[in-house]
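Okay, so here's the structure we're looking at.
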Amino acid sequence: MYTQPTDRKELAATAERAPRTLTPEDAAFQQRIDADEFIEPRDWMPQAYCKTLVRQISQHAHSEIVGMLPEGNWITRAPTLKRKAILLAKVQDEGGHGLYLYAAAETLGVSRDEMIEALHSGKAKYSSIFNYPTLTWADIGCIGWLVDGAAIMNQIPLCRCSYGPYARAMIRVCKEESFHQRQGYDIMLALCRGTPEQKNLAQDALDRWWWPVVMMFGPSDKDSTHSAQSAAWKIKRVSNDDLRQKFIDATVPQADLLGLKIPDADLKWNARRGHYEFGAVDWEEFWRVVNGDGPLNRERLAARVKAYEDGRWVREAATAYAAKRGRGSFDPDAAKHGRDSFDPDVAKHGRDSFDPDAAKHRASEKVA
Ligand code: FAQ
């Protein structure tokens, strides 16, 4: 789907050292941005633009993949078969989002291995929200309702971001997130219409998730290091604080409908501003979690590293198979276009040596 221009290989590494004087290329690039043109992988771009995108898109991809863990924790314990099937599909969707995003970042010349290494070594960030535990089934409702709700609020403007592959990936992601948000709200609705114990579970989950979700939008605009430049490049179309406000304005009526109380004593409608006022965010907690010391940071990273190690044999087998077929490495593009599509019969019985006996046996299996 995406090409990988090799001349970008060094861009991310050298961007910070690049002089910040405005060259004619920089000016022409900014004109394209100002004219709302999409920037495509083979187009000229400033090194710092490339580096910012690699940072943001890869962190976004890591968030999707790490984000599978808290909900994955409940697949075996979903209360009904229907809820289990829905949750399985949702968690699988998040894995898919991670893959679109890694592919979008690869168009900038960074490899999947480099990105995964940065995640596993703790160098790359992922969203703070996924370092909190899922203690009850109501937490799964809150993740869909609030975490996916916040993710959509942040990602809809990204559908118009200036980098084409990222913007296009976001369109599909947002459609799926919108379904995820509704399924979360549906869980909350069922709990709030249930027994008093069920409603208490819903309130308890909201009490624990509300502030971490409010923090998800990132530091306040005055403390945000990347916002000004990202806005100038139209990577960011709406600021962290504006998105946070939009999210709170949209979510308070939803909580009212559920009959739940948002855990913020300072929350009140300001008719003059047309917005809700809200209490102070605990930024110390935010930075503690971002910097690796949240409730489950270590467990989340350890789970990702283990999954990577457990899957090593699959990658090795795919590479060995590709080498046997005359290529050095597994080519996902070829696999997608069916040139080497997986054939379970061949995998089971081996293509290279024809064994008439085995063939006869297979035929009789089919007849029986
Ligand atoms: N967590 O200068 P800014 C989802 C870092 S997807 C951790 O404002 P920027 C789907 C930031 O990286 C959720 N770190 O940065 C799902 C920077 O550090 P750096 C993820 C954070 O980039 C649902 C530093 O603070 N979504 O939930 C966070 O301009 C359910 C300074 O901040 C995206 O990634 C944080 N919350 O704005 C999956 C969307 N906030 O890199 C499963 C794309 C900030 O200099 C289940 N990303 N930091 O070391 C963005 O829109 C932006 O990157 C922001 C941050 C808005 C997150």
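What you get for segment 174-321, charging only the Cβ of Lys and Arg (+1) and of Asp and Glu (-1), is a dipole of about 460 debye around the Cα centre. Run the accessible area of segment 54-106 with a 1.4 Å probe and give the carbon-and-sulfur part as a rounded percent. Answer for segment 54-106 is 66 percent, counting heavy atoms of protein chains only. Close amide H pairs (under 5 Å, H built 1.01 Å from N) link Tyr163 with Ile39, residues at least 5 positions away or on another chain. Leaving out ligands, DNA and RNA, and with a 1.4 Å probe, what % of the accessible surface on segment 256-301 is carbon or sulfur? Whole-percent figure for carbon plus sulfur exposure: 51. Could you check how much of the accessible area of segment 115-244 is carbon and sulfur, as a whole percent, using a 1.4 Å probe? Carbon and sulfur atoms account for 57 percent of the accessible area of segment 115-244.
If only the Cβ of Lys and Arg carry +1 and only the Cβ of Asp and Glu carry -1, the dipole of segment 58-210 around its Cα centre is close to 380 debye.
Along segment 47-59 the Karplus relation, 6.51 cos²θ - 1.76 cosθ + 1.60 evaluated at θ = phi - 60°, assigns HN-Hα couplings of 4, 5, 5, 4, 5, 4, 5, 4, 4, 5, 5, 5, 5 Hz to successive residues, with x for each Gly and Pro.
Here the 3J(HN,Hα) profile of segment 238-246, calculated from phi with Karplus coefficients 6.51, -1.76 and 1.60 at θ = phi - 60°, is 9, 6, 3, 5, 5, 5, 4, 5, 4 Hz, Gly and Pro shown as x.
Taking a ≥ b ≥ c as the square roots of the Cα gyration tensor eigenvalues, segment 85-127 comes out oblate, since a/c reaches at least 1.5 and a/b does not exceed b/c.
The residue among Leu206, Gly218, Ala265 whose Cα reaches farthest toward the positive pole of the charge dipole of segment 175-325, with charges on the beta-carbon of Lys, Arg, Asp and Glu, is Gly218. Backbone amide hydrogens, once placed in the peptide plane, bring His275 within less than 5 Å of Asn270, excluding anything fewer than 5 places away on its chain.
Distance between the 7 Å Cα→Cβ label points at Glu40 and Ser121: 3.4 nm.
Using a cut-off of 18 Å between Cα atoms, the listed pairs Lys123/Lys236; Lys123/Lys222; Lys199/Lys261 include Lys123/Lys236; Lys123/Lys222 as exceeding that distance. Solvent-accessible surface of segment 20-70, averaged per residue with a 1.4 angstrom probe and all protein chains in place: 47 square angstrom. Enclosing the Cα atoms of segment 144-263 in their convex hull gives a volume equal to 88 cubic angstrom per residue. Projecting the alpha carbon convex hull of segment 28-177 along each direction and taking the average yields 9.3 nm².
The values are calculated or read from the model by the stated rules, or taken from the named source; none is laboratory data. The structure presented is a predicted model; accordingly, all values stated were derived computationally and were not measured. Neighbour counts run over all protein chains shown; Cβ positions are idealised from the backbone, glycine included. Quick note on the areas: whole protein, heavy atoms, side chains included, nothing else; ligands and nucleic acids left out. Shrake-Rupley method; radii C 1.70, N 1.55, O 1.52, S 1.80 Å.
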